[in-house]
Amino acid sequence: MTAQILTPPRGPQPHSRPRLLPEFRMTGNGFRTLVRTQAKLLSREPTVVLAGVVLPVALIVVFGLVPSFTKPAANLGGKTTLDVYVPTFAMLSSVLTALTALPVTFADLRERGVLRRLAVSPVPAAGLLAAQVTVLVAAAASTATLVVLIGTVGFGAELPVNLGLMLASYVLGTTALISLGLLIAAKAPAAGVATGFGVPTMIVNFFFAGVYVPLQQLPHLLRTVSGFVPYGAIVDTWSGSGAAWQHLLVLAGYTVVGSLAAARFFKWE
Amino acid sequence: MPAIEVSHLSKSYHGTTAVADVSFEVGAGEIFGILGPNGAGKTTTVECISGLRTPDSGRIRVLGLDPHHDREALRQVLGVQLQESQLPGKIRVREALELYASFYTDPADVDQLLEQWGLADKAASRFGKLSGGQKQRLAVALAMVGNPRVVVLDELTTGLDPHARRTAWGLVEQIRAAGVTVLLVTHFMEEAERLCDRVAVIDRGRVAALDTPAGLAARGPAAGQRMRFRPSAPVAGADLLALPEVSRVEQHGSHLEVTGDADMISAVTAYLARRQIIAAELRVEQTSLDDAFIALTSHDGGISGSPAEAGVGGGTAGR
């Protein structure tokens, strides 16, 4: 009945050297059940659903309903305010779930001894993190799709010039943000600590993505820095004005380094 | 091959020694107790056995596996119930069992577990809504979900009312009946006497004694008998003390408490009979594992562990 990806070894193993890469062996059934269970648990947390799904959708609807936001503005290079904010709001769900829901959930599980219990079961840390990421990415991606549809079809915002680039930057951007969140999730001993690291990281990302002031109005130096902050790199790729490949490379870097480090340094208690 | 071998285990945290030198072996199919006052190093010992902590030195084997290096293989054959471990408050009982079952290559049947541990009618309840006893039953069911060959139960009955505690003992006996080796950490003497084949008393990070519960009780310095009664006429304490079998006489209000060796009871009753004194409300107690435990873990006359923690004295027997 148990479909297996890899069979755990039976009997003693040769004594192993310190590993560079985290272990990731678990039953296929285990991973699927873990994803399903975490999805159910997430859906039972109304605040997470509210912030991650309802908020971005509500924002795009509100912006779409403001008449002046759908008219081209000279200081935005002929784009409408709505055009500029579609990518921002589409990514908002990823940012919120990656930098608040994810680290706070894990820190809370750690604080209450839930991870301690999991630590004596065969589930590896990487499997646990990967399952949570799967659930959050699925939730964030559906929200982003909804936001883009409402913005473009509902209120006539312009789609990004290059759809392939848009998708690539969305996927890599989300994984980059989640890797940052995972780093906090891997170590934070309590929910309060996770919030303490997650929220400032989120505010920095907001700033460099032009949430507070449109990117087009930031000084040149800050716009350059913004290309190295995940949210900023994503938004800049979508707008089609930035150095797309460099942005994608930056996002890939965050993803690889962040997620490996998170799985490697994961603390069960 | 013994189920568990621990030799010269030591572990300190930030310069504080938790376990100084602990060695013992647990045979396959045994219920082995680890007793000790709070802070004696019991939990650290089982955490090292479970692979949650890396020992500073010493050697541990569980079914021949090294808990640190053979972590993955060990997880499949060792079931653990830990103190201070929890489930998410909103997970349902069946979901939790199905989740943990999915991690094992050869899991137990979830419906059967629900039935066996009396959780069938709670299958749809959230973990946060369960009573203490129900949470403990779920913790044991989760420890058994992988069909383990060895199970560690850390303070299984702490915080349970006496009724739930007795139910939990029944559960441990069920586990043994299934042929599983049990390592039971407790500070309830009565529990150790009732369940354990052998017991290690751990004190200040060392094994203070290792024996069967009966063997421990018998070799405690306080081994012997104690009787308590209300004499129908005044009795001179000094006369009783003069009997060679009597070691101590205490007056508690109208009651006398007399302690002495195995022949003390007949000596005292004969003395009372000669003076035609009737011993009313007579109670006779064997000195128990409790006394042996207190004697083994008292330092400089002080007693570690409050009487409440040491549990109710076992072996009260009328004669």
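The values are calculated or read from the model by the stated rules, or taken from the named source; none is laboratory data. Keep in mind it's a predicted model, so treat the numbers as computed, not measured. Methodologically, a virtual Cβ is constructed for each residue, glycine included, from the backbone with ideal geometry; neighbour enumeration extends over all protein chains shown.
Looking across the stretch A:193-214, the residues that are in a helix (DSSP H, G or I) and free of Cβ contacts under 8 Å to residues at least 40 places away in the same chain come down to A:GLY196, A:PRO200, A:ILE203, A:VAL204, A:PHE207, A:PHE208. Taking the stretch B:219-274 only, how many residues are in contact (Cβ under 8 Å) with a residue 24 or more places away in the chain, of a type outside the set (Val, Ile, Thr) and surrounded by 14 or more Cβ atoms within 10 Å (Cβ to Cβ)? Residues in the stretch B:219-274 being in contact (Cβ under 8 Å) with a residue 24 or more places away in the chain, of a type outside the set (Val, Ile, Thr) and surrounded by 14 or more Cβ atoms within 10 Å (Cβ to Cβ): 22 in total.
State yes or no: is A:LEU182 in contact with a helix residue (DSSP H, G or I) (Cβ under 7 Å, 6 or more places away or on another chain), farther than 25 Å from A:GLU45 by Cα, modelled with pLDDT of 90 or more and buried (at least 23 other Cβ atoms within 10 Å of the Cβ)? Criteria not met by A:LEU182. Look at B:VAL172 and say whether it is assigned to a strand (DSSP E or B) and under 25 Å from B:GLY39 (Cβ atoms). Judged against the criteria, B:VAL172 is not a match.
For the stretch B:26-48, residues that are under 16 Å from B:LEU78 (Cβ atoms) and either in a strand (DSSP E or B) or in contact with a helix residue (DSSP H, G or I) (Cβ under 9 Å, 6 or more places away or on another chain) (or both) total 6. Only one of the listed residues (A:LEU128, A:LEU99, A:LEU115) is part of a helix (DSSP H, G or I) and away from every other protein chain (no Cβ under 13 Å). That residue is A:LEU99.
In the condition set (1) surrounded by fewer than 23 Cβ atoms within 10 Å (Cβ to Cβ); (2) within 30 Å of B:GLY51 (Cα to Cα); (3) not polar (S, T, N, Q), A:ALA141 is compliant with all but (2).
Screening A:ASN205 with (1) surrounded by fewer than 20 Cβ atoms within 10 Å (Cβ to Cβ); (2) within 19 Å of A:VAL84 (Cα to Cα); (3) polar (S, T, N, Q) gives one miss only, at (1). Contact annotation: no residue pair with Cβ atoms under 7 Å, 6 or more positions apart or on different chains, pairs a residue in the stretch B:177-189 that is without any contact (Cβ under 8 Å) to a residue 24 or more places away in the chain with a partner that is assigned to a helix (DSSP H, G or I).
Among the residues making up the stretch A:41-76, those that are under 16 Å from the mean Cα position of the chain (by Cα) and within 14 Å of chain B (Cβ to nearest Cβ) are A:LEU42, A:VAL48, A:VAL49. Any chance the stretch B:281-299 includes a residue that's assigned to a helix (DSSP H, G or I) and modelled with pLDDT of 85 or more? Scanning the stretch B:281-299, I find no residue that is assigned to a helix (DSSP H, G or I) and modelled with pLDDT of 85 or more, so the answer is no. Please tell me if B:GLY128 is modelled with pLDDT under 95, part of a loop (DSSP other than H, G, I, E, B) and farther than 20 Å from B:ASP154 by Cα. Judged against the criteria, B:GLY128 is not a match. Just one of the listed residues (A:ALA188, A:ALA168, A:ALA176, A:ALA233) is within 30 Å of B:LEU82 (Cα to Cα) and away from chain B (no Cβ under 14 Å), namely A:ALA188.
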